[in-house]
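Dumping the structure here so I can ask a few things about it.
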Amino acid sequence: MNCIIVDDDKLARTVLTQMISDIDFLDLKAECSDAVEAFNYLKKEPVDLVFLDVEMPGMSGIELIKNLDKRPIIILITAKQNYAVEAFELNVADYIIKPVSLSRLATAVSRAKELFDNRDQVMDSTADKDRNFIFVRSNSILSKIKLTDIIYIQALGDYVNIITPTKRNTVHCTLKSMEQKLPENKFYRLHRSYLVGMDHIDTVEDNTAYSGKYMLPIGEQYKKELLRKLNLI
């Protein structure tokens, strides 16, 4: 995986560079001392993974993520815990608090590699909205997923997780694209990062929808329409 480091702290970059050199499948392509430098690099060069600091002069790491049209996998590395909620909203692969240990980095990188290796593709079998299935491609294998089996779909930047009762499929596709492929009477965008299968909603309490063991957040802007679709009496 091609990766870059973005951090204004030279010592932090040096330590992280050494750790990355111990991980065989990572290929460090560049070190950027600020987010603007990283933004320009990412516009020109293919990068799979970014190790990104948050608090930097000029443009923050959070602002960099929001300004990227095509987003690589992101691991945020910061000295502060108070960005965790916003990081969740931006669907980063992991959130590490400094100082970084090799074991903690390895855990985060393993998660990123899982996303990278499972870059499935959604076959456009739903162009006909009457169809009740989609196909996803993993390497050379096409797998059929019944729409009725999809509990929810979670955004992960340029990827999504499709959750069924038996499997999680990580797909190289945006949530917006998935929303356009699926019948709107069967699925609803209840949060900027989540689509839910309407038939799988068991209960709704405040700003949370429950589906079996899963708790899904409900965004304020989506709540009124969700209640309408649930045929609330």
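Suppose the chain between E184 and T148 were pulled fully straight at 0.36 nm per residue; how much longer would it get relative to their current alpha carbon spacing? If you can, show how the numbers build up before the last one.
Numbers: separation 36, 0.36 × 36 = 12.96 nm, distance 1.32 nm.
Between E184 and T148, full extension yields 11.6 nm more.
Give me the distance between the Cα centres of segment 1-59 and segment 178-233, rounded to whole Å.
Taking the Cα centre of segment 178-233 as reference, the centre of segment 1-59 is 37 Å away.
Follow-up. Which net charge results for the neighbourhood of S103, defined as the other residues with beta-carbon distances under 14 angstrom from its beta-carbon, given Lys and Arg at +1 and Asp and Glu at -1?
Numbers: positive: R104, R111; negative: D22, D94.
Once all neighbours under 14 Å are counted, the net charge is 0.
Give me the percent relative contact order of the chain, please, defined on Cα pairs under 8 angstrom at least 6 residues apart.
Values: 408 pairs, mean separation 26.2, N = 233.
Averaging sequence separation for qualifying contacts and normalising by length gives 11 percent for the chain.
Percent of alpha carbon pairs in the chain separated by more than 29 Å?
Working: 9348 of 27028 pairs.
For the chain, the fraction of Cα-Cα distances above 29 Å is 35 percent.
Further question on the same structure: Take the alpha-carbon positions of segment 1-124, form their convex hull, and give its projected area averaged over all directions (one quarter of the hull surface) in nm².
Numbers: hull surface 30.9 nm².
With the hull built on Cα positions only, its mean projection is 7.7 nm².
Please compute the net charge surrounding L16, taking Lys and Arg as +1 and Asp and Glu as -1 over other residues with Cβ under 15 Å from its Cβ. Write out the running numbers ahead of the final one.
Numbers: positive: K10, R13, K29, K98, R104; negative: D7, D8, D9, D22, D27, E31, D53, D94.
Local charge sum for L16: -3.
How big is the convex hull of the Cα atoms of segment 121-229, per residue, in Å³? Mind dumping the intermediate values first?
Numbers: hull volume 10.2 nm³, N = 109.
It comes to 93 Å³ per residue, whole-number rounded.
Let me ask another. Taking loop as defined by DSSP and a crowding limit of 15 other beta carbons within 10 Å, which GluC sites (Glu not before Pro) in segment 37-85 fit?
Working: sites: E37, E55, E63; in loops: E55.
Here the sparse-neighbourhood loop sites are E55.
Given a Förster distance of 22 Å, report the FRET efficiency between N40 and S103 from their Cβ-Cβ distance, rounded to the nearest 0.05.
Numbers: r = 33 Å, r/R0 = 1.50.
For N40 and S103, the calculated efficiency is 0.10.
Sticking with this structure for a sec: Within the chain, which whole H helices from DSSP have a Cα span along their axis of at least 18 Å and a mean Kyte-Doolittle hydropathy of 0.0 or more, if any?
Working: long enough: 102-117 (21 Å, 0.10).
Length and hydropathy pass: 102-117.
If you don't mind, there's one more thing I want to ask. When ranked by the protection proxy of mean other Cβ atoms within 10 Å per residue, highest first, what sequence do the peptides 211-222, 5-16 form? Write out the running numbers ahead of the final one.
Values: 211-222: 13.7, 5-16: 17.7.
Descending mean neighbour count gives 5-16, 211-222.
Can you tell me how much longer the chain between E225 and K66 gets when fully stretched, taken as 0.36 nm per residue apart minus their C-alpha distance, in nm with one decimal?
Details: separation 159, 0.36 × 159 = 57.24 nm, distance 2.64 nm.
Working it through step by step, the gained length comes to 54.6 nm.
For the chain, what proportion of DSSP beta bridges, expressed in % and rounded to the nearest 5, is antiparallel? All intermediate terms of the calculation are to be shown ahead of the outcome.
Working: 32 of 50 bridges.
Of those bridges, close to 65 percent are antiparallel.
Follow-up question, since we're still on this one. Pull out the extension gain between T164 and E89, defined as 0.36 nm times the separation in residues minus the alpha carbon to alpha carbon distance; nm, one decimal.
Details: separation 75, 0.36 × 75 = 27.00 nm, distance 2.20 nm.
Once the chain is fully extended between T164 and E89, it gains 24.8 nm.
Further question on the same structure: At a 10 angstrom cut-off on C-beta neighbours, averaged per residue, how do the peptides 65-76, 164-175 rank from highest to lowest?
On the way: 65-76: 18.0, 164-175: 15.8.
Sorting 65-76, 164-175 by mean packing, highest first, produces 65-76, 164-175.
Tell me, what is the percent relative contact order of segment 121-229, built from C-alpha pairs under 8 Å that lie six or more residues apart?
Details: 187 pairs, mean separation 19.2, N = 109.
Dividing the mean separation by the residue count of segment 121-229 yields 18 percent.
Something else: Normalising by the residue count of segment 34-77, find the relative contact order in percent from Cα pairs under 8 Å and 6+ residues apart. Before the final figure, lay out each step's value.
Details: 46 pairs, mean separation 21.2, N = 44.
48 percent.
Place +1 on the Cβ of every Lys and Arg and -1 on the Cβ of every Asp and Glu in the chain, take the dipole about the Cα centre, and give the residue among G58, L147, A87 whose Cα lies farthest towards its positive end.
Going by the charge dipole, the pick is L147.
For the pair N207 and D22, what calculated FRET efficiency results from E = 1/(1 + (r/R0)^6), where r is the Cβ-Cβ distance and R0 = 35 Å, to the nearest 0.05?
Numbers: r = 42 Å, r/R0 = 1.21.
With R0 = 35 Å, the Cβ-Cβ based efficiency is 0.25.
FYI, it's all coordinate maths here, none of it is from the lab. Note that the structure is predicted; figures quoted are calculated from it, not measured. Neighbour counts run over all protein chains shown; Cβ positions are idealised from the backbone, glycine included.
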